[in-house]
Amino acid sequence: MRRRGTWLAGLASLLLGVTGVLLASAGENPPSLYTIELVVTGNPGETVLTRIEVSAGNRGEAEAAARDALVAVAPRAAVVPTGSASAAWLPWSWKWESPEIPVPVAYNPTGAPDGVGPAAVIAGLQAWSSVATSSFRFTYAGITDNSASILELGPDGENVVSWASLPCERGCVLGLTSKNSAHEVDMLLNSNPEAALQLGGAALDWRTVILHELGHVAGLEHSCPVPFGPCTEAEAGAVMYFAYVGTLRKLAPDDIAGLSALYPLGSEAPGPSPTPAPGVTPTPTPYPELTVILERGWNLVVLPPGPVEPVGQALACMAALYEFREGAWTAWIRGLPQGLQGFTGLVDGRAYWAWADGTCAHIFP
């Protein structure tokens, strides 16, 4: 575990962006999308520019929801509305420098909704890190006690995804992604149960929300101008589209193009790797080498070769493994003595049925 702490988000000359993914309003009017820009001031010398996207019945509700969210996470801050912001696809503030890549991101599960575990974060990190035409990479830094916040103590030197209950009475913010000039980015997600209940009966997919917010962490803006549209079909189909439109767990061509433009191949920091032959485009090492994500129930997975026991230790939610061998099903069951196990070794490249009693994930080197 890392030490508990939150971070200070800005000095006098610092502008920090905060982007939220939005839900339908709790009001009676049909919801619309509003992007609210607020100046936040705290202790002397602290000035922060925040941007929060809100789905609400009207602009008044949207401004109230944005202010409520910021007051909830920065109670000592003074919030002053300054108008709307718009964002075509653009780099979001600064981008990560080559020596900072891969960008480590840790996860604090405290307060997370049921079924939202490290797997949701690791899946998002893997998606953005697997763009073959980009040099950008994330790395998973494990579980932390640190929390994401605004205008509090810090910075703590760690990029964190964490949860807090944000108000949803007048509109609902799903997540805030905060960026400061010290090159630290934190993501705060809304653990308020109302956040997952305002989509007209459709269940909110937190994997989609986290994937979108990680695009902001990487340095991407939205894929379509707000509020000036109309959006192209490619922009509207992107993970970085400004509005939540349902489950979307894979990057679209527009997302891939944006990340590749921001971090093209060849922009990596110099290293000891041999110089490629003339005319050969270097390809970054695949990331991660093997990520295993288990969700509650049955999962068909490929696991690293070798003994089962260390894999079972890394994947704490894995209760049993099954494989079809020599015409019959055989199993590894957690807790059974080794002599009673159907098998104790894993074969390279073979797929196994895993029964999980929860959600867990691990990156195997």
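The values are calculated or read from the model by the stated rules, or taken from the named source; none is laboratory data. Predicted model only: the values in this text are computed from it and were never measured. When we count neighbours, we look across all protein chains shown, and the Cβ atoms used for this are built from the backbone with ideal geometry, even at glycine.
Computed values, structure above
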quantity: Condition broken by Ala141, with the remaining ones in (1) closer than 13 Å to Leu259 by Cα; (2) not in a loop (DSSP other than H, G, I, E, B) satisfied; calculated: (1)
quantity: Yes/no for Val116 being buried (at least 18 other Cβ atoms within 10 Å of the Cβ), within 18 Å of Ala316 (Cβ to Cβ) and of a type in the set (Val, Ile, Thr); calculated: yes
quantity: Top-ranked residue in the stretch 227-259 [being surrounded by fewer than 18 Cβ atoms within 10 Å (Cβ to Cβ) and of a type in the set (Ser, Thr, Tyr); ranked as farthest from Trp206 (Cα to Cα)]; calculated: Thr232
quantity: Conditions (1) farther than 14 Å from Ala351 by Cα; (2) free of Cβ contacts under 8 Å to residues at least 40 places away in the same chain; (3) out of contact with any strand residue (DSSP E or B) (no Cβ under 6 Å at 6 or more places or on another chain); (4) of a type outside the set (A, V, I, L, M, F, W, C); number of the one not met by Arg334; calculated: (3)
quantity: Test set (1) surrounded by 15 or more Cβ atoms within 10 Å (Cβ to Cβ); (2) under 28 Å from Ile143 (Cα atoms) - Glu309 fails condition number; calculated: (1)
quantity: Matching residues in the stretch 337-349 - criterion: being of a type outside the set (Gly, Ala, Ser), surrounded by 13 or more Cβ atoms within 10 Å (Cβ to Cβ), touching a strand residue (DSSP E or B) at 6+ places or on another chain (Cβ under 7 Å) and part of a loop (DSSP other than H, G, I, E, B); calculated: Gln341, Phe343
quantity: Options Thr208, Thr232, Thr247; residue that is β-branched (Val, Ile, Thr), over 13 Å from the mean Cα position of the chain (by Cα), farther than 21 Å from Ala74 by Cα and at pLDDT 85 or above; calculated: Thr247
quantity: Single residue of the stretch 44-76 satisfying the filter (modelled with pLDDT of 70 or more and assigned to a loop (DSSP other than H, G, I, E, B)) that is nearest to Met187 (Cα to Cα); calculated: Ala74
quantity: The stretch 106-117 - residue that is at negative phi and touching a Phe, Trp or Tyr at 6+ places or on another chain (Cβ under 6 Å) and, of those, modelled with the highest pLDDT; calculated: Ala112
